[in-house]
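As structure tokens, the structure follows; a few thoughts come after it.
Just so you know, all these numbers are worked out from the coordinates, no wet-lab data involved. Note that this is a predicted model, so its numbers are computed, not measured. For neighbour counting, all protein chains shown are included, and Cβ atoms are generated from backbone atoms with ideal geometry for every residue, glycine included.
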Amino acid sequence: MAGTAAEVTEDPLAARLAATVGEAHVLTDPDLRAQYEIDWTRRFGGPSRLVVLPGTTDEVAAVLRACAEAGAAVVPQGGNTGLVGGGVPRDGEVVLSLRRLDEVGTVDELGAQIVVGAGATLAAVQQTARAAGLDVGVDLASRDSATVGGMVATNAGGTHVLRYGGMRGQVLGVEAVLADGSVVSRLGGLGKDNTGYDLPGLLAGSEGTLAVITRVCVRLVPLLPARAVALLGVPDTAAALRVFAALRPLPSLSAAELMYADGLALVRAHADLGPPLEDEWPAYLLVECAAGTDPTEELGAAVIACPDVGDGAVATDASGRERLWAYRERHTEAISAAGVPHKLDVTLPLSRLAGFVDEVRGRLVELDPGATCVLFGHVGDGNLHVNVLGPAPDDDRVDDAVLRLVAHYGGSISSEHGIGVAKLRWLALTRSPEDIAAMRAVKQAFDPDGLLNPGAVLPPPG
Ligand SMILES: Cc1cc2nc3c(=O)[nH]c(=O)nc-3n(C[C@H](O)[C@H](O)[C@H](O)COP(=O)(O)OP(=O)(O)OC[C@H]3O[C@@H](n4cnc5c(N)ncnc54)[C@H](O)[C@@H]3O)c2cc1C
């Protein structure tokens, strides 16, 4: 049951939305709203006014028109797997869930593209693309829940950025609804189109603050049938980076992920996995090569030539590859099972990444001797996920110490998760006042009344 008739009619906006999308798709009952009001990390969230689940672009437009007329703020939400608190309400906003817009179109094999609804999950799109011998260039561990609309809105990264780029690079077009309910559509799927400002590119990474994405034309890449995954034990971060640099010229290299002994131990205990290698190593590099023909020999030869590799395991069959990937992919859930972490997703210049890793651990222990710092990430992109367990979730000193250190090392305070509300306070660490003013002008042009995801991405003026 959605909200009762009495609850729906008590709020005139709920009643108007129910008339548009159907009563079953307007949730006013607190129990039904609950799952939409707290984020995946359990660190962010708050009460919503109601949750509305339109089923078509026209319904999204009608919902946004009704909210604009009522002066109601709206938080767009996809799969609610975001890690920076940008997709959940804070203070009585309307949650606009796109989950019912989950249509997966037909693959255009010649154009290597597909048009999908914003609420389609990555896994659903991958399944359809793979049946046609194609694939999506971006992959994430949250693939079963993360939606394509959310992935565009966050400009998601994931494990294959070093080969195909991030989500912005996979977007050939979008259809989106602006704050006033008007619809903009560029779904033609043209390979080249320099007709003025690139709205799809601008909406990528806008985190629901500029428009609500309703459909996406996704670029597809060839499905590479032959894959080899190697998990390599190395003595430290610098050695892992040297091995990555040695493997980088391999044309088949499609992933390079870094993790450490403490994170691996957490994953093993959480997922009940055996050791990947005979001995324990301080750091591990997981690499994947994918090609039309078996890349194992090429990968093996390159690894053997690396003096920094202490030990390694290689898998070529699907179950073996999945087993090795699990050590890396299950980090996020294993950390979350251990507590509510501070999650800081950052980029460092590769030349300074090892220095940062050494220093950040020490800084955090100085700050709170009970802090546990679990690091892992997409090292090929200089992207580290700094997870801190122990200090209270609202102890901002942790975030402050890590992000200031990142800025000091010439990095970015958000690599792929976005700013949301989690990083708002620190935007000015790596964006100049002029940059922030230009972003504000864009926001003002798209959403003059500030109704779309207020309080996310841009700090309040002043
Ligand atoms: C286990 C796990 C692993 C992850 N791994 C990665 C990773 O490797 N790389 C990575 O980049 N991220 C990763 N993430 C984070 C997350 O999955 C991504 O940010 C993803 O893109 C969010 O998609 P979503 O549909 O869940 O969006 P949500 O969480 O629902 O929303 C995220 C943001 O997008 C906005 N939004 C959502 N849908 C729309 C829409 N249709 N129109 C406009 N705005 C919208 C929201 O307002 C919010 O600001 C991971 C998360 C988990 C839980």
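From the P(r) of region 348-405, could you give the percentage of C-alpha pairs in the tail past 16 Å? Value for region 348-405: 39 percent of Cα pairs lie more than 16 Å apart.
Projected label points at Ala19 and Asp368, each 7 Å from Cα along the beta carbon direction, are separated by 5.0 nanometres. Computed packing ranks the peptides 191-204, 412-425 as 412-425, 191-204, most packed first, by mean other Cβ atoms within 10 Å.
Taking amide H positions as modeled 1.01 Å from N, with prolines and chain starts lacking one, the residues under 5 Å from Gly205 and 5 or more places away or on another chain are Ala153, Thr154, Asn155. Between the helical axis of 433-446 and the longest alpha-carbon principal axis of the chain there is an angle of about 40 degrees.
Taking the helices alone, the chain has a mean residue ellipticity at 222 nm of -10000 deg cm²/dmol, built from -39,500 (n - 2.57) per DSSP H run of at least 4 residues and averaged over all its residues. Taken along the Cα-to-beta-carbon direction at a fixed 7 Å, the label points for Asp108 and Leu350 span 3.5 nm. Between Thr56 and His408, the contour length at 0.36 nm per residue exceeds the alpha carbon distance by 122.1 nm. Rounded to the nearest 0.05, the FRET efficiency derived from the C-beta distance between Asp396 and Thr293 at R0 = 41 Å is 0.20. Taking the alpha carbon gyration tensor of the chain, multiplying each eigenvalue by 5 and rooting it gives semi-axes of 38, 26, 20 Å, largest first. Using the alpha-carbon atoms, what tilt in degrees (0 to 90, nearest 10) does helix 350-367 show relative to the longest principal axis of the chain? Taking the Cα atoms of the chain, the angle to 350-367 is about 80 degrees.
Sorted largest first, the principal axis extents computed over the alpha-carbon atoms of region 261-350 equal 42, 33, 29 Å. From most to least packed by mean Cβ count within 10 Å, the peptides 285-296, 125-136 give 285-296, 125-136. Be a star and scan region 204-239 for residues whose amide nitrogen sits under 17 Å from the point 7 Å along the Cα-to-Cβ vector of Glu278. Under 17 Å, as judged by backbone N against the label point of Glu278, lie 231-235 of region 204-239. In plain terms, if you count all Cα to Cα distances in region 98-185 and split them into 10 Å steps from zero, the share in each step is 17, 52, 27, 4, 0 percent. In region 143-196, the ratio of gyration radius to Kirkwood radius, Rg to Rh, stands at 1.02 when only Cα atoms are counted. Both the radius of gyration and Dmax for region 235-276 are 13.1, 35 Å, in that order, over alpha-carbon atoms. With contacts taken as Cα pairs under 8 Å and at least 6 residues apart, the chain reaches a relative contact order of 15 percent. Here the Karplus curve 6.51 cos²θ - 1.76 cosθ + 1.60, taken at θ = phi - 60°, turns the phi angles of region 215-232 into couplings of 9, 9, 9, 9, 5, 10, 10, x, 7, 9, x, 9, 9, 9, 10, 10, 10, 10 Hz, with x standing for Gly and Pro. If you plug the beta carbon distance of Arg248 and Asp449 into 1/(1 + (r/R0)^6) with R0 = 45 Å, you get a FRET efficiency near 0.40.
Residues whose amide H comes within less than 5 Å of that of Val75, counting only those at least five positions distant or on another chain, are Val94, Val95, Leu96, Asn453 (H built at 1.01 Å from N in the peptide plane).
A protection proxy built from the mean count of other Cβ atoms within 10 Å ranks the segments 433-440, 240-247, 180-187, most packed first, as 240-247, 180-187, 433-440.
One way to sum up the overall shape of region 313-462 is the equivalent ellipsoid from its Cα gyration tensor, whose semi-axes run 30, 20, 16 Å, largest first. Helix 318-329 axis versus longest C-alpha principal axis of the chain: approximately 80°, rounded to the nearest ten. Electrostatic bookkeeping for Leu429 treats Lys and Arg as +1 and Asp and Glu as -1; over the other residues with beta carbon under 10 Å from its beta carbon, the sum is +3.
Placing a label point 7 Å from the Cα of Arg130 along the Cα-to-Cβ line, the residues of region 209-237 whose backbone N sits under 15 Å from it are 221-228. 3J(HN,Hα) along region 74-91: 10, 10, x, 9, x, x, 6, 9, x, 10, 10, x, x, x, 10, x, 10, 7 Hz, from the Karplus curve 6.51 cos²θ - 1.76 cosθ + 1.60 with θ = phi - 60°, whole Hz, x for Gly and Pro.
The local environment of Val95, defined by Cβ-Cβ distances under 10 Å, has a net charge of 0 under the rule Lys, Arg +1 and Asp, Glu -1.
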